[in-house]
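The values are calculated or read from the model by the stated rules, or taken from the named source; none is laboratory data. All of these numbers come straight from a predicted model, not from anything done at the bench. Positions of Cβ are generated from backbone atoms using ideal geometry, with glycine treated the same way; all protein chains shown enter the neighbour counts.
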Amino acid sequence: MKKYLIPPAVVFMLLSCHKDKILEAPKEPAPTAVDFVIPLESVKLNPSGNAPLAALLKFTTQIKGHTDIVIKGKNGEASDIYQSFTDSSNTHAIPIIGLYPNYANTVEITVTDLKKNKAKSTITIVTGALPEKMPNYINVDLASFAKMESGINLVSSFSSYPNSPQIPYILDNYGEIRWYLDFRNNPDLKNLFYDCGISRLINGNYCFADQSSGKIYEVDLLGKIIHTWQLGGYVFHHDVFEKPNGNFLVSVSKPGSIHTNGSSTIEDFVIEINRNGGDIVNTWDLRESLDEYRTALTSDSRDWIHVNGLVFDASDNTIIISGRTQGIIKLTSDNHVKWILGSHKGWGMNRRGENLNQFLLKPLDAAGNLIADSDVLEGIKNHADFEWNWYQHSPQIMPTGNLLLFDNGDIRNFNPSAPTRYSRAVEYKINTNNMTVQQVWTYGKEGGATTFSRIISSVKYLPRTDHILFAPGFGVPNGTGFGGKIVEIDYKTKDIVFQESISSANGWGFHRAIRMELYPNGKPYTEAF
């Protein structure tokens, strides 16, 4: 067999002529985009029976990848809802949240693999009309979209009050309802009364307690009830707060509770429920720690404190309670008072024989000097730099450690017929070593009666934009009728970047409004139906 040798010069010439092809790496195939059809039976609208504007989408694709969806909005691209999910297989289970009521909703679905190949589909989901007792007027009065905190508004509506069940809903930035919970056909929750309302848990699900059934409920995005907790014989009212460890602080009444004089009491206990076991791990009996006979702000001896808000302070393992007719009180885990924020008028002794005047915070002016005027201390008049909280709601600890409140202003300065009535968002700086309090920020007085709400209502700090969500919820005059307003304010400038008016036939807007993302995360749906 003969061997033929190629001279080196020829080899060099061949390599030179074809060097681009020899040195160039093999090309990857170009990404492809393939349309596919999702069968009608793959879409299940309202699978839980409790969330009529939510759907579960289950489908398969030839490529393995993650899913992106776009729910097309009525008001252009800015009203579209986008969400990317972390699924990575051929099978997909995707929660669809943000549909419009009584509408043929268009949803675009894209699955993308690691090589950027895409499979695309479009589906239409037709929804029914809203139930009765929803707001009869929703209007976006002002919206600076570029400045607003991203997300939507979760509204703990009271528009059905006193009828049942209460119906929380979500509003987009154009005033459109895009989600709600409807328990009219649920045997346990058909009489739902959630009082302060619904909140989002750390895990992304929703939480509320129900006075009628006497339980705490955890509900997912599709309205499925995931867990419930009993209250150990206590009766729920107003608020549930999730601690960082997952346990729940709950404001409750204790059946059979009485004053030392034998008369009955309500709404004067707080309990902590173990998230895992469901047992009660701590109890605060407010008759023991506070003055159960103080009548400076109320003559109702039965509902003498009316706890309407709870906060856990992780910095010192304490709780902060809002007693509508007493003030704001910080309590240790063993139910001892650390401080009291409120008018100094009329405080006496608790059952332990402690004089509660020693726990009253002393107000400072803007320069940090003590305010000595006894009329200001007792709340008979205001100081230019300081006002007490009156019938307040919605306490919150800010990132600075300061305390934020919704100061309703009812019977401000003990004057129920004051010519000027107003509610405020107010921030207080509290020094526990010196037992002082300084008012460092406030908004709402300038609005007067246009944002005055004598009951319910909320305020929230929005950390991404350093904004405040100020939400007076009852009896607020709007474009037509009465209800509530949701106002987003720039903390630094006090400029309004968003305002929304909500009215209902009963004049009740909502207890609380919360600004948040519609989807808490990009996880696919894992619960079974």
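Structure data summary
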{"read-out": "Close pairs (9 angstrom Cβ cut-off, 6 or more residues apart or separate chains): among the acidic types (Asp, Glu) in the range 440-464, surrounded by fewer than 18 Cβ atoms within 10 Å (Cβ to Cβ) anywhere", "value": "Glu446/Lys494"}
{"read-out": "When residues of the range 25-40 are limited to those that are under 11 Å from Lys116 (Cα atoms) and loosely packed, with under 10 Cβ neighbours inside 10 Å, the one modelled with the highest pLDDT", "value": "Ala30"}
{"read-out": "Pairs where the first residue, in the range 140-153, is under 12 Å from Asp172 (Cα atoms) and the second is buried (at least 18 other Cβ atoms within 10 Å of the Cβ) and of a type in the set (Phe, Trp, Tyr), C-beta under 8 Å, 6+ apart", "value": "Val140/Phe498; Ala143/Phe498"}
{"read-out": "Single condition Lys133 does not satisfy, out of (1) modelled with pLDDT of 95 or more; (2) in a loop (DSSP other than H, G, I, E, B); (3) within 30 Å of Thr450 (Cα to Cα)", "value": "(1)"}
{"read-out": "Failed condition for Thr325, given (1) out of contact with any strand residue (DSSP E or B) (no Cβ under 6 Å at 6 or more places or on another chain); (2) farther than 23 Å from Leu377 by Cα; (3) surrounded by 14 or more Cβ atoms within 10 Å (Cβ to Cβ)", "value": "(2)"}
{"read-out": "Selection from the range 127-184 of residues that are of a type in the set (Lys, Arg) and within 20 Å of His238 (Cα to Cα)", "value": "none"}
{"read-out": "Among the candidates Asn434, Asn413, residue that is of a type in the set (S, T, N, Q), assigned by TED's automatic domain parsing to the domain that holds Pro477, surrounded by 13 or more Cβ atoms within 10 Å (Cβ to Cβ) and out of contact with any Phe, Trp or Tyr (no Cβ under 6 Å at 6 or more places or on another chain)", "value": "Asn413"}
{"read-out": "Residue among Ile96, Ile81, Ile69 that alone is modelled with pLDDT of 95 or more, in contact with a Gly (Cβ under 8 Å, 6 or more places away or on another chain) and at negative phi", "value": "Ile81"}
{"read-out": "Whichever residue in the range 328-349 is among the charged types (D, E, K, R) and under 29 Å from the mean Cα position of the chain (by Cα) and, among such residues, is farthest from Ala372 (Cα to Cα)", "value": "Asp334"}
{"read-out": "Residue check for Trp339: in a strand (DSSP E or B) and either assigned by TED's automatic domain parsing to the domain that holds Asp210 or in contact (Cβ under 8 Å) with a residue 12 or more places away in the chain (or both)", "value": "yes"}
